[in-house]
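Reading through the structure tokens given below for one structure.
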Amino acid sequence: PTPPMPPPPPPHPSPAASLRALLSSPAPSPLLMPCCFDALSATLVARAGFPLTFLSGFAAAASRGLPDTGLMSYGEVEARVREVTAAVGDRVPVVVDADNGYGNAVNVRRTVRGLAAAGAAGILIEDQVLPKRCGHTKGKEVVGREEAVMRVKAAIDARNEVSWINASCELGNSVLF
């Protein structure tokens with residue numbers, strides 16, 4: 001008789017589940033989340049022992065010689081997320097700067113789903129108009145309340161695979177979902 005097959009290994013937790021576990025653990029406060037901008041910098045964050053990282057839109061754009069004004073497209077950011085999450089594996093959850101979701105509520109839904117599929121554990125979405133400006137600069141303009149609410153609702157509807165969505169208001173407020 002043939003010996004029985006060993007049971008398969010337990011599945012790795014999703015990035016969102018890893019982030020949820022980290023946020024609910026009795027970790028030190030504040031929980032430090034250094035920024036990364038590519039696979040190498042994310043690997044350095046992981047090797048330094050940090051429990052999570054933030055893929056910074058400013059840093060990612062700067063690494064390409066670009067200002068943080070929305071010149072990196074959704075596709076470029078999604079590719080960068082795939083590179084970063086492949087580099088750190090399931091050791092370090094990655095929270096991603098998704099600018100303003102790359103458009104209206106429909107684009108926000110696509111962005112949340114796509115970045116989650118690429119391995120993002122959490123996403124930050126701003127309420128700026130297009131074209132956006134770097135969050136550090138003066139003269140930013142935000143969308144109207146109705147458009148902002150529609151973007152947040154779209155992000156929440158699409159959040160099955162991310163555990164953390166930060167809807168950031170460039171006028172000084174921020175809400176976690």
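The values are calculated or read from the model by the stated rules, or taken from the named source; none is laboratory data. From a predicted model like this one, the values you see are computed outputs, not experimental measurements. Glycine gets a Cβ as well: all are built from the backbone with ideal geometry, and neighbour counts include every protein chain shown. Only protein heavy atoms, including side chains, enter the accessible area calculation; ligands, DNA and RNA are left aside. Shrake-Rupley method; radii C 1.70, N 1.55, O 1.52, S 1.80 Å.
Per-residue counts of other Cβ atoms within 10 Å, averaged by peptide: what ranking do you get for 111-122, 140-151, highest first?
Working: 111-122: 23.1, 140-151: 14.8.
Averaged packing, sorted descending, gives the order 111-122, 140-151.
To the nearest 20 debye, what charge dipole does the chain have about its Cα centre, counting +1 at the Cβ of each Lys and Arg and -1 at the Cβ of each Asp and Glu?
Values: 17 positive and 16 negative charges, 25 e Å.
I would put it at about 120 debye.
Only helical DSSP H runs with n ≥ 4 go in: add -39500 (n - 2.57) per run for the chain, normalise by residue count and round the 222 nm mean residue ellipticity to 500 deg cm²/dmol. Intermediate results must be reported in sequence, preceding the final value.
Details: 6 runs with 67 residues, N = 177.
The per-residue figure over the chain is -11500 deg cm²/dmol.
How fast does region 1-92 diffuse by Stokes-Einstein, in µm²/s, taking the Kirkwood radius from C-alpha pairs at 25 °C and 0.890 mPa s? Working shown, then result.
On the way: Rh = 15.2 Å.
Answer from the Stokes-Einstein relation: 162 µm²/s.
With a point put 7 Å past each Cα toward its Cβ, work out how far Glu146 is from Leu40 in nm, to one decimal.
That separation, rounded to one decimal, is 4.9 nm.
Quick one: accessible area per residue over region 1-64, 1.4 Å probe, rounded to a whole number of Å²? Intermediate results must be reported in sequence, preceding the final value.
On the way: 4280 Å² over 64 residues.
That works out to 67 Å² for each residue.
If you stretched the chain out fully between Arg64 and Arg47, how much longer would it get, using 0.36 nm times the residue separation minus the C-alpha to C-alpha distance? Walk me through the numbers on the way to the answer.
On the way: separation 17, 0.36 × 17 = 6.12 nm, distance 2.37 nm.
Stretched out fully, the Arg64 to Arg47 stretch lengthens by 3.7 nm.
I'm a student and want to see the number: the projected area of the Cα convex hull of region 22-142, averaged over all directions, in nm². If you can, show how the numbers build up before the last one.
Working: hull surface 30.9 nm².
That works out to 7.7 nm².
Between helix 105-117 and the chain, what is the angle of the helix's C-alpha long axis to the longest principal axis, kept within 0 to 90° and rounded to the nearest 10?
That helix lies at roughly 30 degrees to the long axis.
Round to the nearest 10 and give me the degree value, 0 to 90, for the angle of helix 15-24's Cα axis relative to the longest principal axis of the chain.
So the inclination is approximately 90 degrees.
Measure nothing but the geometry: give the 0 to 90° angle between the long axis through the Cα atoms of 145-157 and the longest principal axis through the Cα atoms of the chain, rounded to 10°.
Roughly 10 degrees between the two axes.
Quick check: at a probe of 1.4 Å, how many percent of the accessible area of region 1-119 sits on carbon and sulfur atoms? Before the final figure, lay out the partial values.
Numbers: 4170 of 6430 Å².
Carbon and sulfur: 65 percent of the exposed surface of region 1-119.
Any idea what the relative contact order of the chain is, in percent, if you count C-alpha pairs under 8 Å spaced at least 6 apart? Working shown, then result.
Details: 305 pairs, mean separation 38.6, N = 177.
Once normalised by length, the contact order is 22 percent.
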